[in-house]
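First the structure, in the form of structure tokens, and then the observations on it.
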Amino acid sequence: MHIVMIGTGYVGLVSGACFADFGHDVICVDKDQSKIDALLNGEIPIFEPGLDELVAKNVEAGRLSFTLDLAEALPTANAVFIAVGTPSRRGDGHADLSYVYAAAREMAPLLPKGVVVVDKSTVPVGTGDEVERIIREEAPDLEFSVASNPEFLREGAAIDDFKRPDRVVIGVNDEHAERVLEEIYRPLTRNESPLITMSRRGAELTKYAANAFLATKISFINEIADLCEKVGTDVGDVAKGIGLDSRIGNRFLMPGPGYGGSCFPKDTLALLKTGQDYESPLRIVESVVASNDQRKRSMGRKVVSAMGGGEQHGKTVAVLGLTFKANTDDMRDSPAISVVQALQDAGIKVKAYDPEGMDQAAKVLNNVIYCDGPYEALDGADAAVIVTEWDAFRALDLQRMKSLLKSPLLVDLRNLYSRRDVEEHGFTYIAVGR
Ligand code: UDX
């Protein structure tokens, strides 16, 4: 199959490299000259474990290439995937579809007969209809199909998620598109990954419903964690106790500082807007969004109150972990942003260390002292707070930590440590829901 991937962002690049690895011929197109130049030089503009090797291997094998030129890529395409950004529109939270529609308009006159245009970007219900309308307007005589094929990749585990998915969702309104997409994903069905075919609108909504449901699970366990603190029990036990019920499932029940990242915050808001547009209120998702916003803000206050509350002018906190989760350099909607701001609002100085996220963090956080390692951040600080669950923070030398801190206070927003271990070393230990 000849596949064209429009957009070499996170989704486009991972999907393009994985399709090439299945044996398809893939050309990735992007408007950003610097991205294409970097990729042609073998540099990967994002951090994703294993992606550099996968890209290099498939470029070498001649199955994966990069270009700025749509006219070079499109004429032989069997399928064109649209994997451009759909950020939240400023002001109203709607997904901004201008990049999707611009891509459709630009490609239309260059598309070959029988091509299947596939939306991979996360797009609200009805976007496929509009893409179809635009292409028909620009190329009235063209035979083509428009399909939806949302991705469910987690940052940091994207290649594995792509190659061993729980399911692949295919939204089609005609048999030709169904056949082409089945052919593209055939290597996966050999691994017994189920391919679920449904209407285009069904696939569009499935993506949002999945993310909103996962966000709901996280917010639910976070609120239960707060209650556990009040009633004096351990949320880990409660999560295990409910999660072993297979109707609930034990994943995504880790309490923490609130969900962040490029998907959950944006997609829950966009789903709410769709609910409003169709006069079908989504009150549960509304509460989840409010609960998570509130949680992120409250986590910084939790640290301040552990330090004795109120104005802590001149004190210093070591923040360990800045990215919204481990194994990424992504700072988008990271809870660390609210935590750092709350500390700074209380007059506290922040020293921070993150294994991958400090360059990105420097773009969104002011007046933070970035350190070369966790112990440098801890040196001379009045307290430590773990915000991201990096493996590098799971086995810190507690003795050394205690000798570096002015006062032995550890706030563990990811529950990485056991209370007994930490307290045995003479720390005051504050975790989440325990
Ligand atoms: C998510 C979805 O998992 C993925 O299917 C979709 O395609 C994109 O959005 P991602 O944003 O990469 O992926 O991260 P994920 O691992 O899902 O975590 C999202 C946020 O939830 C992080 O801030 C994480 O720390 C938090 N989280 C996750 C919890 O607080 N507790 C959990 O149990 C799980």
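Could you tell me whether E130 is closer than 22 Å to A270 by Cβ, assigned to a helix (DSSP H, G or I) and not small (G, A, S)?
Here the answer is yes, as E130 does meet what is asked.
Taking the conditions exactly as written (more than 23 Å from C263 (Cα to Cα) and part of a helix (DSSP H, G or I)), does S305 satisfy them or not?
When the stated conditions are applied, S305 passes them.
Only one of (1) β-branched (V, I, T); (2) surrounded by fewer than 17 Cβ atoms within 10 Å (Cβ to Cβ); (3) not assigned by TED's automatic domain parsing to the domain that holds E130 is not met by T189, so which one is it?
Unmet condition: (3).
Name the residue, out of A215, A177, that is out of contact with any strand residue (DSSP E or B) (no Cβ under 8 Å at 6 or more places or on another chain), surrounded by 15 or more Cβ atoms within 10 Å (Cβ to Cβ) and on the phi < 0 side of the Ramachandran plot.
A215
Among residues belonging to the range 124-163 that are of a type in the set (A, V, I, L, M, F, W, C) and within 13 Å of the ligand (Cβ to nearest atom), point out the one that is surrounded by the fewest Cβ atoms within 10 Å (Cβ to Cβ).
Checking each candidate, the answer is A157.
Tell me yes or no: at least one residue of the range 336-346 is without any contact (Cβ under 8 Å) to a residue 24 or more places away in the chain and surrounded by fewer than 23 Cβ atoms within 10 Å (Cβ to Cβ).
Scanning the range 336-346 turns up at least one residue that is without any contact (Cβ under 8 Å) to a residue 24 or more places away in the chain and surrounded by fewer than 23 Cβ atoms within 10 Å (Cβ to Cβ).
Return the total of residues in the range 222-245 being closer than 11 Å to R434 by Cβ and not hydrophobic (A, V, I, L, M, F, W, C).
Number of matching residues: 6.
Within the bounds of the range 245-256, is there any residue that is under 23 Å from D96 (Cβ atoms), in a loop (DSSP other than H, G, I, E, B), at pLDDT 95 or above and charged (D, E, K, R)?
No: the range 245-256 contains no residue that is under 23 Å from D96 (Cβ atoms), in a loop (DSSP other than H, G, I, E, B), at pLDDT 95 or above and charged (D, E, K, R).
If a residue must be touching a helix residue (DSSP H, G or I) at 6+ places or on another chain (Cβ under 9 Å) and outside any helix (DSSP H, G or I), how many such residues does the range 234-244 contain?
Counting residues in the range 234-244 that are touching a helix residue (DSSP H, G or I) at 6+ places or on another chain (Cβ under 9 Å) and outside any helix (DSSP H, G or I) gives 1.
Out of everything in the range 347-366 that is closer than 25 Å to I218 by Cβ and among the charged types (D, E, K, R), what residue ends up being surrounded by the most Cβ atoms within 10 Å (Cβ to Cβ)?
D354
What are the residue pairs meeting all of these: first residue in the range 219-240, first residue at negative phi, second residue part of a helix (DSSP H, G or I) and hydroxyl-bearing (S, T, Y), Cβ atoms under 6 Å, and 6 or more apart or on different chains?
Partner pairs satisfying both residue conditions: S219/S291.
Just to be sure I understand, how many residues within the range 11-49 are surrounded by 18 or more Cβ atoms within 10 Å (Cβ to Cβ), closer than 26 Å to R190 by Cβ and not acidic (D, E)?
Count: 15.
Give all pairs with beta carbons closer than 6 Å in which a residue from the range 2-28 that is among the aromatic types (F, W, Y) meets a residue that is assigned to a strand (DSSP E or B); count only pairs at least 6 apart in sequence or on separate chains.
Final answer for the pair search is F19/I3; F19/V26.
Taking the conditions exactly as written (within 13 Å of the ligand (Cβ to nearest atom) and in the same structural domain as L416 (by TED's automatic domain parsing)), does G260 satisfy them or not?
Taking the combined requirement at face value, the residue satisfies it.
This table checks each residue for (1) within 15 Å of V387 (Cβ to Cβ); (2) surrounded by 20 or more Cβ atoms within 10 Å (Cβ to Cβ); (3) under 20 Å from the mean Cα position of the chain (by Cα).
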{"site": "Y278", "(1), (2), (3)": "no, no, no"}
{"site": "V285", "(1), (2), (3)": "no, yes, yes"}
{"site": "V289", "(1), (2), (3)": "no, yes, yes"}
{"site": "D293", "(1), (2), (3)": "no, no, yes"}
{"site": "S305", "(1), (2), (3)": "no, no, no"}
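Which residue pairs have Cβ atoms under 8 Å apart, sit 6 or more places apart or on different chains, and have a first residue in the range 62-78 that is surrounded by fewer than 22 Cβ atoms within 10 Å (Cβ to Cβ) and a second that is of a type in the set (K, R)?
L68/K31
Does D267 meet the test of being in contact (Cβ under 8 Å) with a residue 24 or more places away in the chain and either more than 16 Å from the ligand (Cβ to nearest atom) or not in a loop (DSSP other than H, G, I, E, B) (or both)?
Yes: the conditions hold for D267.
Among the residues that make up the range 76-91, is at least one of them assigned to a helix (DSSP H, G or I) and either in contact with a strand residue (DSSP E or B) (Cβ under 9 Å, 6 or more places away or on another chain) or not acidic (D, E) (or both)?
Scanning the range 76-91 turns up at least one residue that is assigned to a helix (DSSP H, G or I) and either in contact with a strand residue (DSSP E or B) (Cβ under 9 Å, 6 or more places away or on another chain) or not acidic (D, E) (or both).
The values are calculated or read from the model by the stated rules, or taken from the named source; none is laboratory data. As the structure is a computational prediction, the values presented were derived from the model and not from experiment. No Cβ is skipped: glycine too gets one built from the backbone with ideal geometry, and neighbour counts run over all protein chains shown.
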